[in-house]
Amino acid sequence: MSQETQDSIQGFEYDWLACDQDGFVGFFSTAGGGYAPDAFLQDVDAHDQAISIIRHMAPSTAPVPEPGQLSEPGDPWQQMAARGLYAFDSSFHGGPYRLTAAPTAPVRLSDLPEAAARVAGKLIYNGLRFSELKSISEDLLLL
């Protein structure tokens, strides 16, 4: 269990998982400057392991990149969207998370392997629907 702080992760890429009010799953990349919720910071290793589990799942749907987003082999946001997750990226300079790729058939928390679902289920945003958002500000992510 690796615990971090907002200050200790600044300048480094970290990825984390969360759920929206409908049980759909989102993948978030800090890009070195994006906000990271406390529930993620309390156990960074658990998120890394859950994301690894998801990456090893077979693709289940087609990813839809947002306009202006490159779709290259190995792109982590496309990979996550191909496994049914909404993929968001922030900026090295901070600011909101922006949708980079969406799944054509999103997965719910209950569709994930149990170990990954347990981690993503610790961050549930009851006021958000990932399918309706192109941008998510830090204010919306404060639990």
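The values are calculated or read from the model by the stated rules, or taken from the named source; none is laboratory data. Keep in mind that this is a model prediction, so the values were computed, not measured. All Cβ positions, glycine included, derive from the backbone under ideal geometry; neighbour counts span all protein chains shown. To get the accessible areas, we keep the full protein, side chains included, count just its heavy atoms, and leave off ligands, DNA and RNA. Shrake-Rupley method; radii C 1.70, N 1.55, O 1.52, S 1.80 Å.
Structural remarks
- Spread of Cα-to-Cα distances over 5 Å intervals beginning at zero, given as percent, for segment 76-134: 4, 17, 22, 29, 20, 6, 2
- Across the accessible surface of segment 88-133, with the other protein chains kept in place and a 1.4 Å probe, carbon and sulfur atoms take up 50 percent.
- Backbone HN-Hα couplings from phi across segment 32-40 [Karplus 6.51/-1.76/1.60, Hz, Gly and Pro as x]: x, x, x, 4, 10, x, 4, 4, 6
- Per-pair calculated FRET efficiency, R0 = 35 Å: Thr61 and Asp38 via Cβ, rounded to 0.05: 0.70
- Segment 49-108, Cα convex hull volume normalised per residue, Å³: 101 Å³
- Correct choice for P(r) over Cα pairs in 5 Å bins from 0, in percent that was computed from the model, options (i) 2, 11, 22, 26, 23, 13, 4, 0; (ii) 2, 8, 17, 19, 17, 10, 6, 4, 4, 3, 3, 3, 2, 1, 0, 0; (iii) 2, 11, 18, 20, 17, 12, 9, 6, 4, 2, 0: (i)
- Near the amide H of Thr100, within less than 5 Å, lie the amide hydrogens of Ala87, Phe88, Asp89, all on another chain or at least 5 residues away, with H placed in the peptide plane.
- For the chain, the per residue solvent-accessible surface stands at 49 Å², with DNA, RNA and ligands left out and a 1.4 Å probe.
- Antiparallel %, DSSP beta bridges [both residues in the chain], to 5: 70 percent
- q = 0.15 Å⁻¹, segment 12-82: log10 I(q)/I(0) [Debye, one scatterer per Cα]: -0.55
- Label-to-label distance, nm, for residues given as Arg129 and Glu4 (7 Å Cα→Cβ offset): 3.2 nm
- Each residue of segment 101-112 was assigned a 3J(HN,Hα) from its phi angle through the Karplus curve 6.51 cos²θ - 1.76 cosθ + 1.60 (θ = phi - 60°); the sequence is 7, 10, x, 6, 10, x, 9, 9, 3, 5, 7, 7 Hz, with glycine and proline shown as x.
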